[in-house]
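Q: I am attaching a structure below and will ask some questions about it afterwards.
The values are calculated or read from the model by the stated rules, or taken from the named source; none is laboratory data. Note that the structure is predicted; figures quoted are calculated from it, not measured. So basically every Cβ, Gly included, is an ideal-geometry build from the backbone, and we count neighbours across all protein chains shown.
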Amino acid sequence: MPRITVAAVHARPIRLFIYHQYRLTRIGLRSVLAAVPRIEAVMEGSPPRPLARWLHEYDADIVVLGLSTASLGADLDTVRSARTAGYRGGPRVVVVSQDHKRATAIAAVEAGAYGFLSLDAAPEDLVQAVLTVADGGAFLCPCCVLALIDAHVSQRQLAGPAGPAAAAAAAAAAAAGEAEPGPASGLSHREREVLHLLAQGHSSAEMARQLSITETTIRSHIHHLLAKLGLRSRAQAIAFAFQHGIVPELAPISNAVRLDRRRDTLHRRRIEQHL
């Protein structure tokens, strides 16, 4: 594979560990990630040796971990174990999965993953996932976002339109400035706006521009909404938003397709900016 030739910037180097049961898959992942200038070292290991034992010998910032449908339960336990492994409270995990089903993505995020991709994702998506998670963000590949949006829209179609009484109650609550009842009822109006944008795949900078506030304020809102919802990461917040229907009402599939294309363009631009 040709080396990624883009200008490097001053950014903290990344120590990476690849944990996957198949050697050829590890070689493929390594060939993509070793070409990134910010990644100063890439190590790899595989079952049956537990990931925690590998991480006690190798201090990694990011773990790229394989998720198999045949051993899903054990692999999710491995994601959980990574949170307390290593010397600095545990590395952040980016999952590469055999499928991009909604249930698998949500299960991985709930187990503690900060990034989720399917094995058929583009190499640029893998690079972007590692860079984003290393810089404190979360990453879901475009096909996973589409799966979540598709499932959410299908659920709403099956549920049917709200009745007149429910619609009137929601309108009255909105007019009074009250939070809508539900799992996110404890969030402020601004925090709900940030959660909506987060679920649509926007970065902190994009949310700040759209809401006309600073990135520092965006990060503060995200910190507060995570605490209120009992979540640990942006990836969990995205999964939570789709699980509980806390995404904008108008989210048709045509918009999802445009979002998919837009994210692909943004990913490539960000790789050039951050490598």
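Q: Just name the residue that is surrounded by the most Cβ atoms within 10 Å (Cβ to Cβ) out of those in the stretch 9-32 that are among the hydroxyl-bearing types (S, T, Y) and touching a strand residue (DSSP E or B) at 6+ places or on another chain (Cβ under 9 Å).
A: That would be Y19.
Q: Taking A60, is it in contact with a Leu (Cβ under 9 Å, 6 or more places away or on another chain) and at pLDDT below 90? Please lay out each step first, then the result.
A: Details: in contact with a Leu (Cβ under 9 Å, 6 or more places away or on another chain): yes; at pLDDT below 90: no.
For A60, the condition - in contact with a Leu (Cβ under 9 Å, 6 or more places away or on another chain) and at pLDDT below 90 - is not met.
Q: Name the single residue that is surrounded by the fewest Cβ atoms within 10 Å (Cβ to Cβ) among those in the stretch 216-244 being not polar (S, T, N, Q) and not in a helix (DSSP H, G or I).
A: Taking the stretch 216-244 as the starting set, the residues that turn out to be not polar (S, T, N, Q) are 218-219, 221-232, 234-235, 237-242, 244.
Filter again for not in a helix (DSSP H, G or I), leaving 230-232, 244.
Values: G230: 8, L231: 18, R232: 15, H244: 13.
The qualifying residue surrounded by the fewest Cβ atoms within 10 Å (Cβ to Cβ) is G230.
Q: Suppose we keep only residues that are among the β-branched types (V, I, T) and within 14 Å of V96 (Cα to Cα) within the stretch 33-85. Which one would you say is surrounded by the fewest Cβ atoms within 10 Å (Cβ to Cβ)? Quick ask: steps written out before the conclusion?
A: First pass over the stretch 33-85, keeping only residues among the β-branched types (V, I, T): 36, 39, 42, 62-64, 69, 78-79, 84.
If we keep only those that are within 14 Å of V96 (Cα to Cα) as well, we get 62-64, 69, 78-79.
Working: I62: 24, V63: 28, V64: 27, T69: 11, T78: 23, V79: 22.
So the residue we want is T69.
Q: Report, ordered by the first and then the second residue, all pairs with beta carbons closer than 8 Å, sequence separation of six or more or different chains, a first member in the stretch 96-117 that is outside the structural domain of A199 (by TED's automatic domain parsing) and farther than 22 Å from V32 by Cα, and a second member that is at pLDDT below 90 and assigned to a loop (DSSP other than H, G, I, E, B).
A: V109/S233; G112/R83; G112/R232; G112/S233
Q: Name the residue, out of R49, R92, that is among the basic types (K, R) and either touching a residue at least 24 places away in the same chain (Cβ under 8 Å) or over 13 Å from F17 (Cβ atoms) (or both). Break it down into steps so the answer makes sense when it comes.
A: Working: R49 fails: either touching a residue at least 24 places away in the same chain (Cβ under 8 Å) or over 13 Å from F17 (Cβ atoms) (or both).
Within the list R49, R92, the selection yields R92.
Q: Under 7 Å by Cβ, and 6 or more places apart or on different chains, what pairs join a residue from the stretch 7-18 that is over 11 Å from I62 (Cβ atoms) with one that is in a strand (DSSP E or B) and at pLDDT 90 or above?
A: Correct list of pairs: empty, since none qualify.
Q: Assess whether A256 counts as being under 27 Å from V94 (Cα atoms) and at pLDDT below 75.
A: Values: under 27 Å from V94 (Cα atoms): yes; at pLDDT below 75: yes.
Yes.
Q: Which of the helices (runs of 4 or more DSSP H) found entirely inside the stretch 44-117 contain at least 3 residues meeting this: more than 19 Å from the chain's Cα centre (by Cα)? Can you show your working first?
A: Numbers: elements: 51-57, 72-82, 102-111.
Filter on the stretch 44-117 gives 51-57.
Q: Same structure, new question: Which residues, taken from the stretch 46-91, are farther than 21 Å from L29 by Cα and among the aromatic types (F, W, Y)?
A: Correct list: Y87 only.
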